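All remarks here apply to the structure that follows.
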Amino acid sequence: MPDQLPLTLFNSLTRRLETFAPVHAGEARVYTCGPTVYNYPHIGNMRAYVFADVLGRTLAWKGYALRHVINITDVGHLTDDADAGEDKLEKAAAKSDRSIWDIARHYTEAFKADVKALNIREPAEWSVATDYIEPMIAFARSIADEHCYELDSGLYFDVSTVADYGRLARAITEDGEGRIDTVEGKRNPQDFAIWRRTPAGETRQMEWDSPWGRGAPGWHLECSVMGEKLLGFPFDIHTGGIDHREIHHPNEIAQNQAFCGCGSLDDASHSGAKLWMHNNFLVERSGKMSKSSGEFLRLQLLVDRGYHPLAYRMMCLQAHYRSELEFSWEGLGAALTRLKRIVMMVAKLRDPPTGAAPEAKLADIVSRFDAAMSDDLNTPQALVALEDALSAKKVEDGAKRAVIEDMDRVLGLDLFALERSDLRIRPRDTQIAEEEIEAELLRRKEARLAKDFATSDAIRASLAARGVEVMDGDPLGWEWTLQ
Ligand code: AMP
Ligand code: ZN
């Protein structure tokens, strides 16, 4: 690659675009808040991991040795992000005849399947919260005297003991701290449990002994501990969805400040990470997406309706990660069509002639791509650069291929492995086999050649009755599609 531009990223904590400068020379250490595995992830959740993946790929592309951690929350996340309600996993287990461990395992596997389908790179480490109970207790013990107090229900963090509590939330909305919950005896409304004691007479499926009684860790504690253990404070970048700016991340930050004995957040690295990045939401026309409500949009639903999962990745890349993205089936269809066009152009580059590949004609486009990605991961513009490179005239195929491969290393659309036919819309309940369609179309072609239009029309009508639309003269060259 020619010399690349410095990478600028938006830091939610300072509300500024900042030039990425690694804590450890040549390395990038990134922590991404992972899923709570009490249910399937919805496609909104997956937007958060597509974003983190693009960030990781960009850092790697810029030459940093990436160390990426994504955690799996299998304990501690309550039905309310503040301290109200039940543990989401305990609640799911109570409604089912499976153990909480089975539930966590099942949904972790489902999440990882979506990660794979979306061509999200596996992180260096999947850290599972329940593997870190001992370090969590040690972390809590080290801050307990100075920053915590006990109530009947557990050990609480006193947010008035650290500087600038809630700056991350306040930077976003004036009422960022407005969520007050009802635990009696709290010193400040925003104080939060870092250890929840199991109420007398009850048992939980997941509970451990601690200096504060038998119980379970708070959700915020796990991320602080896994971040510190696996990446060290301060690490480079912490990511999550924008909902985490309100409670989860301010609380993680407060714990981190307590742990490292750090002061004001005017120095962002006192928060445990130098940069805090947040993806905006995927929304449905009807409002926010939720996986606790009965029916919700899972990646599998998109696949069942016949869409290739990478069409959804394309849909995510078409929006900037800090913009809200509205999901619609038409939007998904448009993303699929765009991906199809790209794949068809890439197919022409599959076996390029070998030999030196002068890039001069593409240099301008390559710099535009770099400028887009370096400008806070502007994937919509990067996609335009990729398409411009594909349609550039009088460029040797080998040179083009090298450039497209390089761009796809960042965007992760798997362009050289995808086949045009992979992208055909194929609803799961389709009754007709593709070989049968192809055979009928061959028969129709022969009829048309023989000017037997009655037969040709009859074949078309019979295919239509079985959900196959024949597409004569389609600009993408599709001869048929399934309805
Ligand atoms: P959870 O499993 O609920 O902890 O969420 C996993 C990730 O998805 C977190 O980073 C959330 O902030 C993020 N998230 C939740 N809902 C959405 C949404 N509708 N769009 C984008 N990201 C979301
Ligand atoms: Zn987290």
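The values are calculated or read from the model by the stated rules, or taken from the named source; none is laboratory data. No experiment lies behind these values; they were computed from the predicted model shown. Quick reminder, even Gly has a Cβ in these numbers, built from the backbone with ideal geometry, and neighbours come from all protein chains shown. Only protein heavy atoms, including side chains, enter the accessible area calculation; ligands, DNA and RNA are left aside. Shrake-Rupley method; radii C 1.70, N 1.55, O 1.52, S 1.80 Å.
For the stretch 239-256, filtering for residues that are within 16 Å of ligand 1 (Cβ to nearest atom), in a helix (DSSP H, G or I) and farther than 20 Å from R29 by Cβ leaves 5. Restricting attention to the stretch 299-309 and to residues that are more than 14 Å from Y49 (Cβ to Cβ) and touching a helix residue (DSSP H, G or I) at 6+ places or on another chain (Cβ under 7 Å), the residue that is surrounded by the fewest Cβ atoms within 10 Å (Cβ to Cβ) turns out to be V303. For the stretch 19-37, which residues satisfy the criterion of being over 20 Å from L282 (Cα atoms) and either within 16 Å of ligand 2 (Cβ to nearest atom) or open to solvent by less than 20 Å² (accessible area, probe 1.4 Å) (or both)? F20, A28, R29, V30, Y31, listed by residue number. Among the criteria (1) modelled with pLDDT of 95 or more; (2) within 11 Å of ligand 1 (Cβ to nearest atom), the one F259 does not fulfil is (2).
Here N279 fulfils each of the conditions (1) within 25 Å of V50 (Cβ to Cβ); (2) away from ligand 1 (no atom under 16 Å from the Cβ); (3) surrounded by 24 or more Cβ atoms within 10 Å (Cβ to Cβ) apart from (2). The residue that is farthest from ligand 2 (Cβ to nearest atom), counting only those in the stretch 54-73 that are open to solvent by 10 Å² or more (accessible area, probe 1.4 Å) and of a type outside the set (K, R), is G63. Taken as a whole, the stretch 228-238 holds no residue that is within 10 Å of ligand 1 (Cβ to nearest atom) and either open to solvent by 20 Å² or more (accessible area, probe 1.4 Å) or part of a helix (DSSP H, G or I) (or both). Of the residues making up the stretch 208-256, not one is without any contact (Cβ under 8 Å) to a residue 24 or more places away in the chain and in contact with a Gly (Cβ under 6 Å, 6 or more places away or on another chain). The listed residues are A382, A402, A389, and the only one of them that is outside any loop (DSSP other than H, G, I, E, B), aliphatic (A, V, I, L, M), under 23 Å from E330 (Cα atoms) and open to solvent by less than 60 Å² (accessible area, probe 1.4 Å) turns out to be A382. The condition (being within 16 Å of ligand 2 (Cβ to nearest atom) and crowded, with 22+ Cβ neighbours inside 10 Å) is satisfied by just one residue among I247, I242: I247. Look at (1) farther than 30 Å from D370 by Cβ; (2) among the polar types (S, T, N, Q); (3) part of a helix (DSSP H, G or I) and you find that T58 fails only one, number (1). For the criterion of being at pLDDT 90 or above and over 30 Å from the mean Cα position of the chain (by Cα), G185 passes. Taking residues in the stretch 32-46 that are in contact (Cβ under 8 Å) with a residue 24 or more places away in the chain, and partners anywhere that are among the small types (G, A, S) and within 13 Å of ligand 2 (Cβ to nearest atom), the pairs with Cβ atoms closer than 6 Å and at least 6 places apart or on different chains are T32/A52; C33/G240.
Residues are listed down the side, and each one gets a yes or a no for (1) surrounded by fewer than 16 Cβ atoms within 10 Å (Cβ to Cβ); (2) modelled with pLDDT of 95 or more; (3) at negative phi; (4) not assigned by TED's automatic domain parsing to the domain that holds L415:
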| position | (1), (2), (3), (4) |
| --- | --- |
| A311 | no, yes, yes, no |
| M314 | no, yes, yes, no |
| S323 | yes, yes, yes, no |
| E330 | yes, no, yes, no |
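Kindly establish whether N45 is within 16 Å of ligand 1 (Cβ to nearest atom) and open to solvent by 30 Å² or more (accessible area, probe 1.4 Å). Judged against the criteria, N45 is a match. Scan the stretch 204-225 for residues that are under 30 Å from the mean Cα position of the chain (by Cα) and either open to solvent by 50 Å² or more (accessible area, probe 1.4 Å) or at pLDDT 90 or above (or both) and jot them down. Those that are under 30 Å from the mean Cα position of the chain (by Cα) and either open to solvent by 50 Å² or more (accessible area, probe 1.4 Å) or at pLDDT 90 or above (or both): Q205, E207, A216, P217, G218, H220, L221, E222, C223, S224, V225. Annotation: G473 fulfils all but one of (1) out of contact with any helix residue (DSSP H, G or I) (no Cβ under 8 Å at 6 or more places or on another chain); (2) in the same structural domain as Y307 (by TED's automatic domain parsing); (3) modelled with pLDDT under 95; the unmet one is (2). Of the residues making up the stretch 460-477, one or more are open to solvent by less than 60 Å² (accessible area, probe 1.4 Å) and at positive phi.
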